[in-house]
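In what follows, a single structure is set out as C-alpha cells and then discussed.
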Amino acid sequence: MSPMKVVMTTFSGDLTGKLGELRRHLEARGAEVLRFDTDRFPGEAQAWFRQDGGREQIRLRCDGHEICLEPGDAIWYRRARWAEKLPPSLNRQLRHGCVLESEALLRGLIAAAPCFVMDPPDLVRERGHKPAQQRLARELGLATPRTLMTNDPAEAREFVASCRDGAIAKMLSGFAVIDDDGREQVVFTTSLRDDHLARLDGLRLAPMVFQEQIRKRLELRITVVGSRMFTAAVDSQKVAGAEVDWRERGVTLLPSWSPYELPADVARALERYMQRIGMQYSAIDMLVEPDGRHVFLEANPAGECFWLEHYAPHFPLTEAIADVLVGVPGARRPIHS
C-alpha cells in the first residue's frame with residue numbers, strides 16, 4: 001500500500017521555519033510531502049488535470065517531485081501568490097491573462113481534488129468577508145463592536161461623532177503599500193483624530209471600516225485547528241504604540257502572550273461559528289473589556305499563527321495541523337454539508 005501524500009500549498013517567499021517542522025511531523029506519520037509554490041507555477045512547476053476514458057488524474061510537480069492525488073491524500077492550503085514569478089518583461093495584458101489562467105487551473109484542481117483539503121481556497125476567500133463574519137458572530141450571541149463599513153463620507157462622520165469613547169478605522173482587506181524606497185508600509189488600525197475626519201472624502205475612492213473604540217483589558221488570538229482551540233492573551237495597553245493595534249509593536253509583544261481560558265459560553269459560540277463556516281482552521285481576534293465582556297472582532301480564515309508556537313505560550317500548532325492532515329482520529333472537525 002502506497003503512503004499517504006500531503007501537498008503543502010504556499011509560495012516561495014513563505015519562509016517560516018515551521019513549514020519544515022510540519023513536514024517532519026507529516027513524514028514521521030508516514031506521509032509523503034510535496035511543497036507546491038503557487039508563485040512558481042507555471043514557469044517552474046507543473047500541474048495536470050486529465051480525464052481519459054474511465055481514468056481521471058490530478059498531478060502536481062515542483063522541484064522535480066511529482067505526486068498524483070488519490071482519495072486518501074490531503075492538501076493544506078496555506079498561502080497563494082498565483083503566478084507571481086512570471087517574467088516581468090511580459091506584455092501587461094498578456095501577463096494578466098497568464099495569471100488568471102494559472103489561478104483558474106490551480107483553484108480548479110484543488111476544488112476537484114478527490115481528497116481532504118484544509119481549507120478550500122474558494123471557501124477561505126468567501127469566509128473572509130467582514131460583514132458576513134460580524135453578522136454570523138452576532139447571530140450566535142457573540143458581542144461585536146458598533147460598526148460602519150461604507151464609502152459615504154457624510155455617514156462616516158455622523159457615525160464617528162456618535163461614538164462616545166472615540167472611533168477607529170481599518171481596512172476591509174489586508175494589504176501593504178510599497179513606498180518609493182521599496183519599503184513595505186502596512187495599513188494598521190487607526191484611532192481617528194480631527195485631521196483624519198477632514199480627509200474622509202477619500203472614501204469616494206475606497207470604502208473603510210469604522211468601529212467604536214473599545215477599552216481593552218486584553219487582546220485574544222484564538223487559533224482553531226480542527227477540533228482543537230488554542231487561546232492566547234496579551235495586554236497590549238502596557239506597551240506604548242500598541243494600544244490601538246497590537247501589530248504595530250508585534251515584535252515587542254512576542255514574549256508577552258500567555259494561555260487564556262475562554263468563558264464556556266464564548267467557547268461554545270466559537271465552536272458553533274466554526275461549524276457554520278465549515279472550516280478546519282481560523283485565527284480569531286477578540287477583545288476583553290475591563291468588565292470582562294468578550295467582543296468578537298474578526299476571524300482570519302488563513303491568518304498567521306506560528307509565532308504562538310515559536311514563542312510563548314508555545315502551542316503545538318504544527319503538530320495539531322499534521323494530525324488534521326493525516327486524519328488522526330478525532331483531530332478533524334466534523335463538517336456536514
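Summary table below
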| quantity | calculated |
| --- | --- |
| Computed over the chain: relative contact order in percent, which uses C-alpha pairs under 8 Å that are six or more apart | 17 |
| Positive dipole terminus of segment 27-88, leading residue within Gln57, Leu34, Trp82 (C-beta point charges) | Trp82 |
| Selection from Val225, Thr10, Pro145, by position along the positive dipole direction of the chain (Cβ) | Val225 |
| Solvent-accessible area per residue for segment 94-144 (1.4 angstrom probe, square angstrom) | 52 |
| Eligible lysines near Lys238 by straight Cα distance, threshold 16 Å, same-chain separation 8 or greater | Lys216 |
| Projected-area mean, the chain, by convex hull of Cα positions, square nanometres | 20.4 |
| Within straight-line cross-link reach of Lys18, aspartates and glutamates at Cα separation under 12 Å, skipping those fewer than 8 residues along the same chain | Glu304, Glu309, Glu319 |
| Relative contact order (%) - segment 48-150, alpha-carbon pairs under 8 angstrom, separation at least six | 24 |
| Counted charge near His196, where neighbours are those whose Cβ lies closer than 14 Å (Asp, Glu -1; Lys, Arg +1) | +1 |
| Cα-centre dipole for segment 53-164 with unit charges at Cβ (Lys and Arg positive, Asp and Glu negative), debye to 20 | 420 |
| Förster radius 45 Å - calculated FRET efficiency between Arg204 and Gln275 (Cβ-Cβ, nearest 0.05) | 0.70 |
| Residue of Gly141, Gly54, Gly97 that the Gaussian network model of the chain assigns the largest fluctuation, springs spanning Cα pairs under 10 Å | Gly54 |
| Net length gained if the chain between Asp285 and Gln46 were fully extended (0.36 nm per residue, minus Cα distance) | 82.3 nm |
| Largest-first ellipsoid semi-axes for segment 206-324, taking √(5λ) over the Cα gyration tensor eigenvalues, angstrom | 22, 18, 14 |
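The values are calculated or read from the model by the stated rules, or taken from the named source; none is laboratory data. Note that the structure is predicted; figures quoted are calculated from it, not measured. Please note: Cβ atoms are built from the backbone with ideal geometry, for glycine as well, and neighbour counts cover all protein chains shown. Only protein heavy atoms, including side chains, enter the accessible area calculation; ligands, DNA and RNA are left aside. Shrake-Rupley method; radii C 1.70, N 1.55, O 1.52, S 1.80 Å.
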